[in-house]
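Student: Mind looking over this structure? Questions follow.
The values are calculated or read from the model by the stated rules, or taken from the named source; none is laboratory data. Just so you know, these numbers come straight off a predicted model, no measurement behind them. Neighbour counts are summed over all protein chains in view; Cβ atoms, including those assigned to glycine, are modelled from backbone coordinates with ideal geometry. In case anyone asks, the SASA skips ligands and DNA or RNA and just uses the protein heavy atoms, side chains included. Shrake-Rupley method; radii C 1.70, N 1.55, O 1.52, S 1.80 Å.
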Amino acid sequence: GQSLEQPSEVTAVEGAIVQINCTYQTSGFYGLSWYQQHDGGAPTFLSYNALDGLEETGRFSSFLSRSDSYGYLLLQELQMKDSASYFCAVRGRDNYGQNFVFGPGTRLSVLP
Amino acid sequence: NAGVTQTPKFQVLKTGQSMTLQCAQDMNHNSMYWYRQDPGMGLRLIYYSASEGTTDKGEVPNGYNVSRLNKREFSLRLESAAPSQTSVYFCASTEGHLETDTQYFGPGTRLTVL
């Protein structure tokens, strides 16, 4: 099985850089992904790491280290609109990688 | 493209009533999923369908049934609703390729069971 842990809340100011960590225990997975969810909205995809290392997509970057069972999402040049919940998720190896498990989420508050 | 659509958006049921949540995607995706999200928590997988004609249990399948009607549509049925099933239900789809991991989510159905 898989289980993921994330900090419940993070607070930062506009323009700053924030890192949201995700640690996991899993019997095997294909990749680690990140999703953003604004209050009352649906999750939207941000980033995916199939391999160890850093993936960059604009202001967002994601990192994976399988040897450390650890990943993180890095948000740069924070904006007020980045206030949302952020979820990490793993794609398990059973049933050809169609089983996704989500972390509990980290609520990011961006202050002016 | 509408992406992933869900109906209804809101629903109130009494304990013991049944209902079906509908989901459709127009992206020709192979895989579809049903999640529930309780307040302040992450998403938990109820059922998924890796391809047309197949369905599999996720983490929390008890009290639910699913049907993959065709490649576009994946429905979730509550046969006898219970207050513990009060939640927001999200449908999602992916192409099914392991090299990418983009799940597209519908807007959700907010279900209250009294």
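Student: From (1) open to solvent by 40 Å² or more (accessible area, probe 1.4 Å); (2) more than 8 Å from every other protein chain (Cβ to nearest Cβ); (3) in contact with a strand residue (DSSP E or B) (Cβ under 7 Å, 6 or more places away or on another chain), pick out the condition that doesn't hold for A:SER85.
Tutor: Every condition holds for A:SER85 apart from (1).
Student: Which of the following residues is modelled with pLDDT under 90 and either more than 25 Å from B:SER87 (Cβ to Cβ) or open to solvent by less than 70 Å² (accessible area, probe 1.4 Å) (or both): A:GLY1, A:GLY28, A:GLY40, A:GLY53?
Tutor: A:GLY28
Condition check ((1) part of a strand (DSSP E or B); (2) closer than 20 Å to A:VAL10 by Cα) across all residues:
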| site | (1), (2) |
| --- | --- |
| A:SER47 | yes, yes |
| A:SER61 | yes, yes |
| A:TYR86 | yes, yes |
| A:VAL90 | yes, no |
| A:PHE100 | yes, no |
| A:PRO104 | no, yes |
| A:ARG107 | yes, yes |
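Student: When the residues of region B:47-82 are filtered to those that are closer than 15 Å to B:LEU111 by Cα and surrounded by 21 or more Cβ atoms within 10 Å (Cβ to Cβ), which remaining residue is nearest to the other protein chains (Cβ to nearest Cβ)?
Tutor: B:LEU76
Every residue, every condition in (1) in a loop (DSSP other than H, G, I, E, B); (2) aliphatic (A, V, I, L, M), yes or no:
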{"residue": "B:LEU45", "(1), (2)": "no, yes"}
{"residue": "B:SER51", "(1), (2)": "yes, no"}
{"residue": "B:VAL60", "(1), (2)": "yes, yes"}
{"residue": "B:ASN65", "(1), (2)": "no, no"}
{"residue": "B:PHE74", "(1), (2)": "no, no"}
{"residue": "B:ARG77", "(1), (2)": "no, no"}
{"residue": "B:SER84", "(1), (2)": "no, no"}
{"residue": "B:PRO107", "(1), (2)": "yes, no"}
{"residue": "B:LEU111", "(1), (2)": "no, yes"}
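Student: Okay, moving on. Quick check on B:SER31: is it among the polar types (S, T, N, Q) and within 18 Å of A:ARG91 (Cα to Cα)?
Tutor: Answer is yes for this residue.
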